[in-house]
Amino acid sequence: MLVLLLGSTAGNTSNYYVLGWSIAVLILASLVINFKRLNFTWPHLLLPIIYLISSGSIFAIITDSTWRLVFLIVASVVFGILEMKLGRESHFLQNVYLLSVFGLYLALFAVEFYFDLQIWWFVLAVFALTYFLAIQGFAGFDLPAKKYFYLLLAMICAEAAWGLSFWPIYFLAAAVILFCFYYVLWLFAFSAFFGRLTRQKVYWQLALVTIVLFLTLSTAAWKPLT
């Protein structure tokens, strides 16, 4: 809200400083309150942090002030529900986690697009982010094997991001494609760990991802080849 109020009087750089400090304060407050309220420790306290960083990143990408305000209201409502449901198993929390993953991938591709990052720094950032996200994604159970999936997910997504950086597509389409990779791998591994992976689920999820990828690639704007 401060960024919206300052938008007419301050420059873009000042707005981003305000946004960054606001997110940092919210993260610190969330950590303190949730630790005292739920006695959670690492990595169970990561979900609000991931959500706040993701929401702030998407907020920074949106340029229209009206849509920024709409997004701020929706994001605030979702964060309130997240805090009320935190500490209990919920499909809503899983969906918030997945939306946060997409938002963070979108932010990374946007940074790579606008600031023309070197490919090696970009791939390393995707690897580190995916590893961090996998820690939260598999926080619901204790199995030694899950540590190998942190590395496996990070390596696959980093390689996929490397390939996508050569495609003539803009950052939104690239983020959707990379998120689909992460979604399939995370969901299948998560379901297998809990003994819920079935052939029907594999077929259904692969069909769903195929439809999303087809719609994304068939409607995406392509960069001019120069």
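Each value in this text was obtained by applying a stated rule to the coordinates, not by laboratory testing. Keep in mind the model is a prediction, meaning the values are calculated, not measured. Methodologically, a virtual Cβ is constructed for each residue, glycine included, from the backbone with ideal geometry; neighbour enumeration extends over all protein chains shown.
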* Asked: Rg to Rh for segment 90-176: what is it, with Cα atoms only and Rh by Kirkwood?
  -> 1.01
* Using 0.36 nm per residue, how much length does the chain from residue 205 to residue 21 gain when fully extended, once their Cα-Cα distance is taken away? -> 62.4 nm
* **Equivalent ellipsoid semi-axes, segment 172-226, via Cα gyration tensor eigenvalues times 5, rooted, Å** => 29, 12, 6
* To do: Evaluate E = 1/(1 + (r/R0)^6) for residue 37 and residue 119, where r is the Cβ-Cβ distance and R0 equals 45 Å; express this FRET efficiency to the nearest 0.05.
  => 0.60
* Taking the highest mean first, how do the peptides 150-156, 185-191 order by number of other beta carbon atoms within 10 angstrom per residue? -> 185-191, 150-156
* Asked: So what's the convex hull volume per residue for the Cα atoms of the chain, in Å³?
  -> 141 Å³
* Taking amide H positions as placed 1.01 Å from N in the peptide plane, with prolines and chain starts having none, which residues 5 or more places from residue 169, or on another chain, fall under 5 Å of its amide H? -> 223
* Asked: Of the chain, which part is the longest with no trypsin sites (Lys or Arg not before Pro) in a loop (DSSP not H, G, I, E, B) and with at most 15 other C-beta atoms within 10 angstrom?
  -> 89-195
* Computed FRET efficiency, Cβ-Cβ of residue 184 and residue 217, R0 25 Å: what is it to the nearest 0.05? -> 0.95
* Pulled fully out, how much extra length does the chain show between residue 91 and residue 198, if you take 0.36 nm times their separation in residues and subtract their Cα-Cα distance? -> 36.7 nm
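Could you list 83, 89 in order of exposure, starting from the residue whose Cβ has the fewest other Cβ atoms within 10 Å?
By the 10 Å Cβ count, ascending: 89, 83.
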* Those lysines that a straight Cα-Cα span of less than 23 Å connects to residue 146, excepting residues fewer than 8 apart in one chain -> 201
* Asked: In angstroms, what radius of gyration and Dmax does segment 22-115 have, counting Cα atoms only?
  -> 13.7, 40
* Ascending count of other beta-carbon atoms within 10 Å, so fewest first, for 130, 63, 216 -> 63, 216, 130
* Asked: In the Gaussian network model of the chain, springs joining C-alpha atoms below 10 Å, which of 183, 51, 105 carries the largest mean-square fluctuation?
  -> 183
* Apply the Kirkwood formula to segment 116-226: the hydrodynamic radius equals the inverse of the mean of 1/r over all pairs of different alpha-carbon atoms; give it in Å with one decimal. => 15.2 Å
